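For reference, the structure is listed below as structure tokens.
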Ligand SMILES: NC(=O)c1ccc[n+]([C@@H]2O[C@H](COP(=O)([O-])OP(=O)(O)OC[C@H]3O[C@@H](n4cnc5c(N)ncnc54)[C@H](OP(=O)(O)O)[C@@H]3O)[C@@H](O)[C@H]2O)c1
């Protein structure tokens, strides 16, 4: 049996997941990466990373992934990094229910389903690490991000509760809450807004035009953003430290947001947050 610690990393086609899968391999892990397209699978496999097709909205693909990983490791799994997700922009009043549901299918329900498959394995072996990539938007609100906000707030609630319930099992659970990080995230937000929000028949038409301009501007330059290595630094800590932290907030803007929430009266805090973006 391969004695390297084994980890599943989801959403490894781009951004934080792609960086983390490669870095973990270099750091001596046996990495089982997941993507959604054959071409992404081929790229990672060519680098020696065992890669699977898995979509969080497809239950069968989640179960097939875990079955195959366990078959390859002889039933062992040391860590799970839930990372693959997307952001659905749009004002709350413009979110169709099916669009909101899809956001939760990916960012919450799929993560929960994969995690539930992994917990019995970790319980049986008496150890394991589960790291969920949330967001600063799992801790503070942001206009036009209601669906994503809600999905990451839900993820925070489930993850912290699970962390308390798993105390004493040998399974450690952590959340990473990044602020803005260079990746395909914004490009994918743009696709999601164009696919799912009626940008014309809405009281927010003018605001959307402004937002889209800003989003496209952000895509052309990654000014001031940290790269995925900033997230990897804390992921490593969450996976290997004897005392992993419940929360890892990454980037200065994210830390500022949390501090302001703690210090300011709610009304003032929400007024400030409501003027951003
Ligand atoms: N970048 C940021 O500023 C930022 C800030 C805070 C939190 N985060 C969080 O960081 C994590 C990684 O995002 P990123 O910044 O690296 O963005 P990214 O470059 O867009 O990567 C997202 C990954 O998730 C995958 N994915 C999307 N929908 C999926 C689904 N239904 N099932 C399985 N995988 C799916 C994507 O696959 P495809 O290529 O097939 O679409 C891609 O591999 C996410 O959880 C995100 O919420 C990012």
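Take the conditions (1) farther than 17 Å from residue 250 by Cα; (2) surrounded by 14 or more Cβ atoms within 10 Å (Cβ to Cβ); (3) more than 11 Å from the ligand (Cβ to nearest atom); residue 156 misses just one of them, which is (1). How many residues, within segment 1-26, are in a helix (DSSP H, G or I), away from the ligand (no atom under 16 Å from the Cβ) and buried (at least 20 other Cβ atoms within 10 Å of the Cβ)? Total satisfying the criteria: 1. Can you tell me which residue among 135, 169 is away from the ligand (no atom under 16 Å from the Cβ) and closer than 21 Å to residue 114 by Cβ? Answer to the check: 169. Part of a loop (DSSP other than H, G, I, E, B), more than 16 Å from the ligand (Cβ to nearest atom) and surrounded by 14 or more Cβ atoms within 10 Å (Cβ to Cβ): is that true of residue 199 in this structure? Here the answer is yes, as residue 199 does meet what is asked. Pairs meeting the criteria (first residue in segment 105-129 and part of a helix (DSSP H, G or I), second residue surrounded by fewer than 22 Cβ atoms within 10 Å (Cβ to Cβ) and at pLDDT below 95, beta carbons under 8 Å, at least 6 apart or on different chains) are lacking.
Just one of 91, 6 is over 14 Å from the mean Cα position of the chain (by Cα), in contact (Cβ under 8 Å) with a residue 24 or more places away in the chain and closer than 30 Å to residue 199 by Cα; which is it?
One residue alone meets the criteria, 91.
The values are calculated or read from the model by the stated rules, or taken from the named source; none is laboratory data. Because the structure is a prediction, the values reported are computed rather than measured. Note that we place each Cβ from the backbone using ideal geometry, even for glycine, and neighbour counts take in every protein chain shown.
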